[in-house]
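A short write-up of the structure that comes next.
The values are calculated or read from the model by the stated rules, or taken from the named source; none is laboratory data. Because the structure is predicted, anything quoted here is derived from the model rather than measured. Neighbour counts run over all protein chains shown; Cβ positions are idealised from the backbone, glycine included. These area figures cover heavy atoms from the full protein model, side chains too; ligands, DNA and RNA do not enter into them. Shrake-Rupley method; radii C 1.70, N 1.55, O 1.52, S 1.80 Å.
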There are 2 protein chains.
Amino acid sequence: MRHLARGANVNHMVQYSPSLDDSFAALADPTRRGILERLGREDASISALAEAFAMTLTGMKKHVQILEDAGLVTTEKVGRVRTCRLGPRRLDEEALWMHAYREMVEARFDRLAAFLDGGGGA
Amino acid sequence: MRHLARGANVNHMVQYSPSLDDSFAALADPTRRGILERLGREDASISALAEAFAMTLTGMKKHVQILEDAGLVTTEKVGRVRTCRLGPRRLDEEALWMHAYREMVEARFDRLAAFLDGGGGA
């Protein structure tokens, strides 16, 4: 019963979290992870980011757009400079999903170990 | 100095972890997250998974292949049945990256709060 409830919980998180799709996809690129880390230290303009990652402005804009669509980055244009900072989403939901998943896997291996200890593997 | 060391640490994790690309991309789909949760509870054949997710065998095979390429699932064919189970990777590295990132962001906001408390925001 506890097992089912645990599973149902995780399923609930997945079914109603379309944003997890966007954020995990956004994280599936080393440059985009690098941008997040950089913005975690300080805000930066698109051109500063392009320079830091040895990339064209156009290429950097695309990466920033993907991060912005996922809610991980926000940008603000003042004059000619577009400044990027971390967005409203802080990967809380993603960390929660991962935590729940890892707990479930761990519990499963605990049950398996208990089964083997009980002589089931003899 | 501590700040730089922290950043360098996270960068190191990112630069030398091409597998993070594959695993985050694998997680960017609700069906694939669902498959992992299901396999976290019990091993299952491709056809059982296809049925559970109301999907064609071909469609399910593609999802399983992506999870397999990312090291999150392994499969074994015995007779006509291909059984899927959780793979060698347990999202440890992904959780570590997320943890380091969230810690860095938190530390940054702590520094900002300290700055504002010190009258910098007056």
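A single entry from B:LEU49, B:LEU86, B:LEU96, B:LEU91 fulfils the requirement of being surrounded by 15 or more Cβ atoms within 10 Å (Cβ to Cβ), among the aliphatic types (A, V, I, L, M) and closer than 25 Å to A:LEU72 by Cβ: B:LEU91. If you check every pair at least six apart or on different chains, which have Cβ atoms under 8 Å apart with a residue in the range B:81-103 that is more than 7 Å from chain A (Cβ to nearest Cβ) first and a residue that is in a strand (DSSP E or B) and open to solvent by 70 Å² or more (accessible area, probe 1.4 Å) second? The qualifying pairs are B:ARG82/B:GLU76; B:THR83/B:GLU76; B:THR83/B:LYS77; B:ARG85/B:GLU76. Residue-level analysis places A:THR75 among those that are more than 9 Å from every other protein chain (Cβ to nearest Cβ), open to solvent by less than 60 Å² (accessible area, probe 1.4 Å), free of Cβ contacts under 8 Å to residues at least 60 places away in the same chain and not in a loop (DSSP other than H, G, I, E, B). Selection of the range A:16-46 for residues being hydroxyl-bearing (Ser, Thr, Tyr) and open to solvent by less than 60 Å² (accessible area, probe 1.4 Å) yields A:SER17, A:SER19, A:SER23, A:THR31, A:SER45.
Matching residues to (1) more than 21 Å from the chain's Cα centre (by Cα); (2) of a type in the set (A, V, I, L, M); (3) in a loop (DSSP other than H, G, I, E, B):
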site	(1), (2), (3)
B:ALA48	yes, yes, no
B:ALA54	yes, yes, yes
B:LYS61	no, no, no
B:ARG90	no, no, yes
B:ARG102	no, no, no
B:ALA113	yes, yes, no
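When each of A:ARG38, A:ARG33 is tested for being without any contact (Cβ under 8 Å) to a residue 12 or more places away in the chain and of a type outside the set (Val, Ile, Thr), the lone residue that passes is A:ARG33. Scan the range B:21-55 for residues that are more than 7 Å from chain A (Cβ to nearest Cβ) and at negative phi and the total you get is 21.
Scan the range B:62-85 for residues that are of a type outside the set (A, V, I, L, M) and closer than 23 Å to A:ASP22 by Cα and jot them down. Those that are of a type outside the set (A, V, I, L, M) and closer than 23 Å to A:ASP22 by Cα: B:LYS62, B:HIS63, B:GLN65, B:GLU68, B:ASP69, B:GLY71.
Any residue that is open to solvent by 10 Å² or more (accessible area, probe 1.4 Å) and touching a Ser or Thr at 6+ places or on another chain (Cβ under 6 Å) - is there at least one of those in the range A:55-62?
First pass over the range A:55-62, keeping only residues open to solvent by 10 Å² or more (accessible area, probe 1.4 Å): A:55-59, A:61-62.
Narrowing the set further to residues that are touching a Ser or Thr at 6+ places or on another chain (Cβ under 6 Å) leaves none.
Within the range A:55-62 (the criterion being open to solvent by 10 Å² or more (accessible area, probe 1.4 Å) and touching a Ser or Thr at 6+ places or on another chain (Cβ under 6 Å)), the answer is no, since none of the residues qualifies.
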